[in-house]
1. Return the total of residues in the stretch 133-162 being of a type outside the set (Phe, Trp, Tyr) and within 26 Å of Lys246 (Cβ to Cβ).
2. Quick check: anything in the stretch 154-171 within 17 Å of Thr191 (Cα to Cα) and among the aliphatic types (A, V, I, L, M)?
3. As an exercise: evaluate Asn193 against (1) touching a residue at least 60 places away in the same chain (Cβ under 8 Å); (2) of a type outside the set (Phe, Trp, Tyr); (3) touching an Asp or Glu at 6+ places or on another chain (Cβ under 8 Å) and give the number of the one condition it does not meet.
4. Please count how many residues of the stretch 200-249 are loosely packed, with under 10 Cβ neighbours inside 10 Å and of a type in the set (Ser, Thr, Tyr).
5. Would a scan of the stretch 110-121 turn up a residue that is touching a residue at least 40 places away in the same chain (Cβ under 8 Å) and under 17 Å from Phe249 (Cβ atoms)?
6. Quick one: in the stretch 27-57, which of the residues that are open to solvent by 80 Å² or more (accessible area, probe 1.4 Å) and among the hydrophobic types (A, V, I, L, M, F, W, C) is nearest to the chain's Cα centre (by Cα)?
7. Suppose we filter Val24, Val10 for residues that are among the hydrophobic types (A, V, I, L, M, F, W, C), open to solvent by 30 Å² or more (accessible area, probe 1.4 Å) and part of a helix (DSSP H, G or I); which single one remains?
8. Could you please let me know if Val95 is closer than 30 Å to Arg225 by Cβ, in contact with a strand residue (DSSP E or B) (Cβ under 8 Å, 6 or more places away or on another chain) and open to solvent by less than 10 Å² (accessible area, probe 1.4 Å)?
Amino acid sequence: RNLAESLAAVFWERELFRDYDKDVIPQMDANTPVPLSLALKAYRMDLNDKGELDFTAWMVFDWEDKRLTFDPEEYHGLTLIRVPAEKLWIPDYQVYNAVEYGQDSFSGIYNARQGYAIIYNTGKVLYIPPLNGKVLCNDQEFANWPWGEYDCNIKLGSWTYSANQIKLSTYNGQNGIENGDFDENSPSFITANSFNEESLESKYYDCCPDEAYESMNYRFKVQRRWRMGADGKETNPSPAAAYESKKLF
């Protein structure tokens with residue numbers, strides 16, 4: 001980016017946030033929900049003997065905020081700008097089946113709005129925060145501990161908005177967790193027998209029979225690749241085939 005483009009970006013940001021309210025959802029009319037696509041990109045997983053799965057991942061959010069549109073011709077051909085996420089409205093997403101909360105949890109890190117988001121001149125916003133999380137896997141199968149395959153799931157959804165306000169979809173049609181950059185030294189990994197069901201779910205509650213609440217429920221199997229025992233590192237004697245996702249980008 002040259003000096004003119006940099007100055008244009010500074011000017012545009014100042015103009016934009018003069019009247020921008022980050023606490024208001026960018027729903028331009030009541031009959032048109034905000035389109036949001038979502039993906040989870042895993043980097044590392046570790047399953048302990050309590051059935052708790054720790055994971056490190058990037059969330060991928062892509063939504064429209066029409067308040068952020070601009071004409072590139074007015075800003076020296078600028079078509080995108082990077083803005084601190086703390087200045088923007090972001091979806092109020094949480095892990096529904098998380099087993100812990102706090103500053104270092106998924107909820108704590110996500111609510112801190114760390115890092116930057118990319119805003120395109122069309123109003124598209126791309127936000128990819130790094131996150132940690134912990135969920136409880138199916139403990140009924142732990143007779144096969146430590147080298148068996150175990151059923152796990154990570155369920156993500158809005159805490160307050162229904163499909164009348166946010167319309168959820170998969171990012172680039174990715175039904176499963178993306179693992180193209182998964183750490184080869186991760187203690188646990190996702191096996192090939194995963195994501196056999198549709199991840200996008202819709203649910204109605206008695207309180208709100210006319211409102212569907214959508215979520216992304218990733219169902220998968222994990223297996224330990226190695227663990228530390230009394231005599232040092234122990235390797236899985238018969239690992240299953242690993243799951244391989246398609247690339248998000």
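The values are calculated or read from the model by the stated rules, or taken from the named source; none is laboratory data. Owing to the predicted nature of the structure, the values given are computational and were not obtained by experimental measurement. All Cβ positions, glycine included, derive from the backbone under ideal geometry; neighbour counts span all protein chains shown. We work out accessible area using only protein heavy atoms, side chains counted, and drop any ligands, DNA or RNA first. Shrake-Rupley method; radii C 1.70, N 1.55, O 1.52, S 1.80 Å.
1. Qualifying residue count, the stretch 133-162: 12.
2. yes
3. With (1) touching a residue at least 60 places away in the same chain (Cβ under 8 Å); (2) of a type outside the set (Phe, Trp, Tyr); (3) touching an Asp or Glu at 6+ places or on another chain (Cβ under 8 Å) applied to Asn193, the lone miss is (1).
4. Matching residues across the stretch 200-249 total 1.
5. yes
6. Within the stretch 27-57, the match that is nearest to the chain's Cα centre (by Cα) is Met28.
7. Val10
8. For Val95, the condition - closer than 30 Å to Arg225 by Cβ, in contact with a strand residue (DSSP E or B) (Cβ under 8 Å, 6 or more places away or on another chain) and open to solvent by less than 10 Å² (accessible area, probe 1.4 Å) - is met.
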